[in-house]
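*Asks:* I'd like to ask some things about the structure below.
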Amino acid sequence: QKEVEQDPGPLSVPEGAIVSLNCTYSNSAFQYFMWYRQYSRKGPELLMYTYSSGNKEDGRFTAQVDKSSKYISLFIRDSQPSDSATYLCAMSSGSARQLTFGSGTQLTVLP
Amino acid sequence: EAQVTQNPRYLITVTGKKLTVTCSQNMNHEYMSWYRQDPGLGLRQIYYSMNVEVTDKGDVPEGYKVSRKEKRNFPLILESPSPNQTSLYFCASSSLSEETQYFGPGTRLLVL
């Protein structure tokens, strides 16, 4: 079993939809949780960062961490075609840089 | 412009022919790292470096070497490439005072 599981999709939604992306994990020591966005033929870029449990909001993006369920989510409100990308969850126990990544979910937002 | 650069971006080689992928960052970051990305497996860390002359193994270091002689450069060396090293490789850098890792554009390697 992988330490981090992420539904690979692909996920296709109409413009304006609310998107929910999720990851589950097995290592209870994880305490740094991140979401990266990766456009086609580009390197990943950090989208959201959360330490320990709770919610964090940044514009149209909300990250949630439920450590009791070992489950993290990224919500995208009012999705736009420019949100079309692969979204990678990543997490770590001891350092925000020693990350274990999920395999990524490919999202397409249709105009 | 703050960035991480990698060269080459695309490389086709044959089994056993030594190659080096260069990585350079202009942000004066202490931390640098190499990852490989494979379908269904996500990003896996190969090696990382906390500062000049300090390197350590990541999750999948077998078949790779690195060096950190200068702060800005962190080359990845494949002494004897094999087909199972065909992958998409990313270099990343980070300041030790922040969580964000900045990734390069990637190097797509095909080993025949």
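The values are calculated or read from the model by the stated rules, or taken from the named source; none is laboratory data. All of these numbers come straight from a predicted model, not from anything done at the bench. Don't worry about glycine lacking a Cβ; one is built from the backbone with ideal geometry, like all the others, and counts go over all protein chains shown. Note: areas computed on protein heavy atoms with side chains; ligands, DNA, RNA excluded. Shrake-Rupley method; radii C 1.70, N 1.55, O 1.52, S 1.80 Å.
*Asks:* Within the bounds of region A:12-31, is there any residue that is within 11 Å of chain B (Cβ to nearest Cβ), under 14 Å from the mean Cα position of the chain (by Cα) and either surrounded by 15 or more Cβ atoms within 10 Å (Cβ to Cβ) or closer than 18 Å to residue B:38 by Cβ (or both)?
*Replies:* First pass over region A:12-31, keeping only residues within 11 Å of chain B (Cβ to nearest Cβ): A:23.
Next cut, under 14 Å from the mean Cα position of the chain (by Cα) only: A:23.
Pick out the ones that are also either surrounded by 15 or more Cβ atoms within 10 Å (Cβ to Cβ) or closer than 18 Å to residue B:38 by Cβ (or both) and you get A:23.
Taking every residue of region A:12-31 in turn, at least one turns out to be within 11 Å of chain B (Cβ to nearest Cβ), under 14 Å from the mean Cα position of the chain (by Cα) and either surrounded by 15 or more Cβ atoms within 10 Å (Cβ to Cβ) or closer than 18 Å to residue B:38 by Cβ (or both).
*Asks:* Of all residues in region B:71-87, which are more than 14 Å from chain A (Cβ to nearest Cβ) and part of a loop (DSSP other than H, G, I, E, B)?
*Replies:* B:71, B:72, B:75, B:79, B:80, B:81, B:82, B:86
*Asks:* Further, regarding this structure: Select from region B:8-23 the residues that are within 14 Å of another protein chain (Cβ to nearest Cβ) and either without any contact (Cβ under 8 Å) to a residue 24 or more places away in the chain or surrounded by 13 or more Cβ atoms within 10 Å (Cβ to Cβ) (or both) and list them in ascending order. If you could, list the steps in order and put the result at the bottom.
*Replies:* Quick first cut of region B:8-23, residues within 14 Å of another protein chain (Cβ to nearest Cβ) only: B:9-10, B:21, B:23.
Listed by number, the residues that qualify are B:9, B:21, B:23.
*Asks:* Counting only residues that are at negative phi and facing chain B (nearest Cβ under 8 Å), which one in region A:101-111 is surrounded by the fewest Cβ atoms within 10 Å (Cβ to Cβ)? Write out each step before concluding.
*Replies:* Within region A:101-111, the subset at negative phi is A:101-103, A:105-111.
Keeping just the survivors that are facing chain B (nearest Cβ under 8 Å) gives A:101-103.
Working: A:101: 23, A:102: 28, A:103: 21.
Only one residue tops the list, namely A:103.
*Asks:* Out of everything in region A:46-94 that is within 14 Å of chain B (Cβ to nearest Cβ) and part of a loop (DSSP other than H, G, I, E, B), what residue ends up being most open to solvent (accessible area, probe 1.4 Å)? Give the steps one after another, and end with the answer.
*Replies:* Initial filter on region A:46-94 (within 14 Å of chain B (Cβ to nearest Cβ)): A:46-52, A:56, A:58, A:63, A:85-94.
Okay, now just the ones that are also part of a loop (DSSP other than H, G, I, E, B), so A:52, A:93-94.
Numbers: A:52: 40, A:93: 46, A:94: 66 Å².
Filtering first and then ranking leaves A:94.
*Asks:* Further question: So the check is Cβ under 8 Å with 6+ separation or different chains; which pairs have a first residue in region A:3-32 that's within 26 Å of residue A:81 (Cα to Cα) and a second one that's of a type in the set (D, E, K, R) and at pLDDT 90 or above?
*Replies:* A:16/A:78; A:18/A:77; A:18/A:78; A:19/A:83; A:23/A:5
*Asks:* Next question. Would you tally the residues in region B:88-112 being surrounded by fewer than 22 Cβ atoms within 10 Å (Cβ to Cβ), among the β-branched types (Val, Ile, Thr) and either closer than 16 Å to residue B:47 by Cα or more than 9 Å from every other protein chain (Cβ to nearest Cβ) (or both)?
*Replies:* 1
*Asks:* If a residue must be modelled with pLDDT of 95 or more, more than 10 Å from every other protein chain (Cβ to nearest Cβ) and part of a strand (DSSP E or B), how many such residues does region A:32-45 contain?
*Replies:* 2
*Asks:* Shifting gears a bit: In region B:34-50, which residues are within 9 Å of chain A (Cβ to nearest Cβ) and among the basic types (Lys, Arg)?
*Replies:* B:44, the sole residue that qualifies.
*Asks:* Being outside any loop (DSSP other than H, G, I, E, B) and either among the hydrophobic types (A, V, I, L, M, F, W, C) or surrounded by 20 or more Cβ atoms within 10 Å (Cβ to Cβ) (or both) is the filter here; which residues of region B:24-35 pass it? Can you show your working first?
*Replies:* Taking region B:24-35 as the starting set, the residues that turn out to be outside any loop (DSSP other than H, G, I, E, B) are B:24-25, B:31-35.
B:25, B:31, B:32, B:33, B:34, B:35 - these are the residues of region B:24-35 that are outside any loop (DSSP other than H, G, I, E, B) and either among the hydrophobic types (A, V, I, L, M, F, W, C) or surrounded by 20 or more Cβ atoms within 10 Å (Cβ to Cβ) (or both).
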